[in-house]
Amino acid sequence: MAERIVVIGAGAAGLTAAIYAARANLNPLVIEGMQPGGQLTITSDVENFPGFTDPVAGPQLMDGMRRQAERVGARFKSGEVKSVDLKATPFAIELEGEKVQAQTIVVATGASARWLGIDSEKALYGKGVSACATCDGFFYKGKEVTVVGGGDTAIEEALFLTNFCTKVTVIHRRDELRASKIMQERAKKNPKIEFAWNSVVDEILDVDEGEVTGVQVKDVGTGEKRVIACAGIFIAIGHDPNTKPFAGQLEMNGQGYIVTEKSSMRTSVPGVFAAGDCQDNVYRQAITAAGTGCMAAIDAERYLQELA
C-alpha cells in the first residue's frame, strides 16, 4: 500500500515537513538517508535559530526536531535512496533491498559543501574550520580569518566576515577572481580584505593544538610555502545538491538544484515537492530550510485534498 507522503531527508527541511505532515494526520514516513539531521549535525553552536536565548549545539537542535516529529506521529526509516521512479503514481522509491511507494514526496535531501579534502581540514572541522560564515562568523569577532575561493560565494563570505574580523585573507588559486565585477570591486575596496593570489591550502594548522592557528599555503607557480596566521578558515568553493536520484525526472537548474514554482514548493512533477538546500542555492540557512519544509508539507496536504 502506498504511503500518503514520504519525506526524503531528515535535516531541518525534512523534519519540519514531517512535523507539519504529521499534524495534518498524513502519517508521514521519513527516509533518513546517510546523514540523519543533515549538515547541522556537524555544526557546533547555532546562535541564529529563533527561540534559543543561548547557543544550541547543531546535533541538539536536530535531535529536538526529530523527537518533535516522532511525538506528533512521524515514522522513520533508515536507508539511502538508490533510485526513484516518478513517471506514474504511486511513485516508487528504491532503497537498499526495499521499495517504498508514495502518493506524494517531499524531497529534502540537502546539499553537501565541497571540501579541500586534506586531513587537517577534517580534523579541525568545527574547531576553526567552517563552510558557513553566516553561521559561524560571529565567533571570530576581533580575530583574523581566511576564506578559500574566488567566486561570488567566497567574496560574499569575506565581505560578511569583515563585520566581525580585523582581517580577512582570501586565498585563491588564480591571479584574478571569478566573482562578479561588483563583488570584486567591493572586496578590493574593503581595507580589511587582503588576497593570497595563485595560492592553494597545503595544510591547516594546528591539529596538535586542537584549533586553527594558521594556514600553510603553497604558490601554484613557484611551489613556495608560507604560513598565514588566522583563527579560522572558511571553505567557500561551492556546494553540490544531493539530487542525483532525481536527475532526468525533475527540472533542475544548471547546478543541479531542483526548480520549484514561484510561491510554492511544487516541482515539475505533480505530487512531488522539494524543500531546503536541495532547491535553495541562495540562502542555505537552517531557518529557511525549515520554512520551506513547512511550505512543502502544506502544499502536499493541499495536493492530496484535491485528489480526494
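For segment 125-135, state whether one or more residues are within 14 Å of Lys167 (Cα to Cα) and either assigned by TED's automatic domain parsing to the domain that holds Glu47 or surrounded by fewer than 22 Cβ atoms within 10 Å (Cβ to Cβ) (or both).
The answer is no; no qualifying residue exists.
Do we have Arg174 as farther than 24 Å from Asp219 by Cα and among the charged types (D, E, K, R) here? It would help to see each step written out before you state the result.
Numbers: farther than 24 Å from Asp219 by Cα: no; among the charged types (D, E, K, R): yes.
No: the conditions fail for Arg174.
Please go through segment 20-35 and pick out each residue that is crowded, with 20+ Cβ neighbours inside 10 Å and in contact with a Lys or Arg (Cβ under 9 Å, 6 or more places away or on another chain).
From segment 20-35, those crowded, with 20+ Cβ neighbours inside 10 Å are 20-22, 24, 26, 28-33; that's our starting set.
The answer is Ala21, Ala22, Leu26, Pro28, Leu29, Val30, Ile31, Glu32.
Whether any residue in segment 123-146 is assigned to a helix (DSSP H, G or I), more than 17 Å from the chain's Cα centre (by Cα) and either small (Gly, Ala, Ser) or over 23 Å from Gln39 (Cβ atoms) (or both) is what I want to check. Talk me through it step by step, then tell me what you get.
First pass over segment 123-146, keeping only residues assigned to a helix (DSSP H, G or I): 123, 133-140.
Checking which are more than 17 Å from the chain's Cα centre (by Cα) leaves us with 123, 138-140.
Filter once more, so that each one left must be either small (Gly, Ala, Ser) or over 23 Å from Gln39 (Cβ atoms) (or both): 123.
Yes: segment 123-146 contains one or more residues that are assigned to a helix (DSSP H, G or I), more than 17 Å from the chain's Cα centre (by Cα) and either small (Gly, Ala, Ser) or over 23 Å from Gln39 (Cβ atoms) (or both).
So which residues in segment 284-308 are part of a loop (DSSP other than H, G, I, E, B), touching a Ser or Thr at 6+ places or on another chain (Cβ under 9 Å) and either closer than 13 Å to Val7 by Cα or not basic (Lys, Arg) (or both)?
Taking segment 284-308 as the starting set, the residues that turn out to be part of a loop (DSSP other than H, G, I, E, B) are 284-285, 308.
Narrowing the set further to residues that are touching a Ser or Thr at 6+ places or on another chain (Cβ under 9 Å) leaves 284-285.
Once the filter is applied, which keeps residues that are part of a loop (DSSP other than H, G, I, E, B), touching a Ser or Thr at 6+ places or on another chain (Cβ under 9 Å) and either closer than 13 Å to Val7 by Cα or not basic (Lys, Arg) (or both), segment 284-308 yields only Gln285.
Within segment 250-270, which residues are part of a loop (DSSP other than H, G, I, E, B), at pLDDT 95 or above and over 14 Å from Val282 (Cα atoms)?
Leu250, Glu251, Glu261, Ser264, Met265, Thr267, Ser268, Val269, Pro270
Tell me the residue from Thr213, Thr153, Thr166 that is modelled with pLDDT under 90 and out of contact with any Phe, Trp or Tyr (no Cβ under 6 Å at 6 or more places or on another chain), please.
Values: Thr213 fails: modelled with pLDDT under 90; Thr166 fails: modelled with pLDDT under 90.
Within the list Thr213, Thr153, Thr166, the selection yields Thr153.
Kindly indicate the residue of segment 218-229 that is out of contact with any Gly (no Cβ under 6 Å at 6 or more places or on another chain) and not β-branched (Val, Ile, Thr) and also surrounded by the most Cβ atoms within 10 Å (Cβ to Cβ) among those meeting that condition.
For segment 218-229, the residue satisfying everything is Lys218.
For segment 35-86, enumerate the residues that are free of Cβ contacts under 8 Å to residues at least 40 places away in the same chain, out of contact with any strand residue (DSSP E or B) (no Cβ under 7 Å at 6 or more places or on another chain), more than 29 Å from Glu98 (Cβ to Cβ) and not hydrophobic (A, V, I, L, M, F, W, C).
Gly51, Thr53, Asp54, Gln60
Matching residues to (1) more than 24 Å from Glu80 (Cα to Cα); (2) free of Cβ contacts under 8 Å to residues at least 40 places away in the same chain; (3) surrounded by 24 or more Cβ atoms within 10 Å (Cβ to Cβ); (4) in the same structural domain as Phe139 (by TED's automatic domain parsing):
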{"position": "Leu205", "(1), (2), (3), (4)": "yes, no, no, yes"}
{"position": "Gln216", "(1), (2), (3), (4)": "yes, yes, no, yes"}
{"position": "Gly254", "(1), (2), (3), (4)": "yes, yes, no, no"}
{"position": "Arg266", "(1), (2), (3), (4)": "no, yes, no, no"}
{"position": "Asn281", "(1), (2), (3), (4)": "no, no, no, no"}
{"position": "Gln285", "(1), (2), (3), (4)": "no, no, no, no"}
{"position": "Arg302", "(1), (2), (3), (4)": "yes, yes, no, no"}
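Of the numbered conditions (1) within 18 Å of Val217 (Cβ to Cβ); (2) surrounded by fewer than 24 Cβ atoms within 10 Å (Cβ to Cβ), Lys99 satisfies every one except a single condition; which is it?
For Lys99, the failing item is (1).
Suppose we filter segment 105-125 for residues that are out of contact with any Pro (no Cβ under 9 Å at 6 or more places or on another chain) and polar (S, T, N, Q); how many remain?
Going through segment 105-125 one residue at a time, the tally reaches 1.
Looking at Phe195 and the list (1) surrounded by fewer than 22 Cβ atoms within 10 Å (Cβ to Cβ); (2) part of a loop (DSSP other than H, G, I, E, B); (3) in contact with a Ser or Thr (Cβ under 8 Å, 6 or more places away or on another chain), which single condition is not satisfied?
So the condition that Phe195 fails would be (2).
Can you name the residue in segment 94-122 that is more than 18 Å from Glu80 (Cβ to Cβ) and in a strand (DSSP E or B) and is also modelled with the lowest pLDDT among such residues? I'd like the intermediate steps shown before the answer.
Of the residues in segment 94-122, the ones more than 18 Å from Glu80 (Cβ to Cβ) are 103-104, 113-122.
Filter once more, so that each one left must be in a strand (DSSP E or B): 103-104, 113.
Numbers: Gln103: 97, Thr104: 98, Ala113: 83.
My answer is Ala113.
State which residue is modelled with the highest pLDDT when the search covers only segment 43-77 and only residues that are within 26 Å of Cys132 (Cα to Cα) and part of a strand (DSSP E or B).
Val56
Could you give me the residue pairs with C-beta distances under 8 Å whose first residue belongs to segment 231-247 and is in a loop (DSSP other than H, G, I, E, B), whose second residue is among the charged types (D, E, K, R) and crowded, with 24+ Cβ neighbours inside 10 Å wherever it lies, and which are 6+ apart or on separate chains?
Ala236/Glu157
The values are calculated or read from the model by the stated rules, or taken from the named source; none is laboratory data. Note that this is a predicted model, so its numbers are computed, not measured. Neighbour counts run over all protein chains shown; Cβ positions are idealised from the backbone, glycine included.
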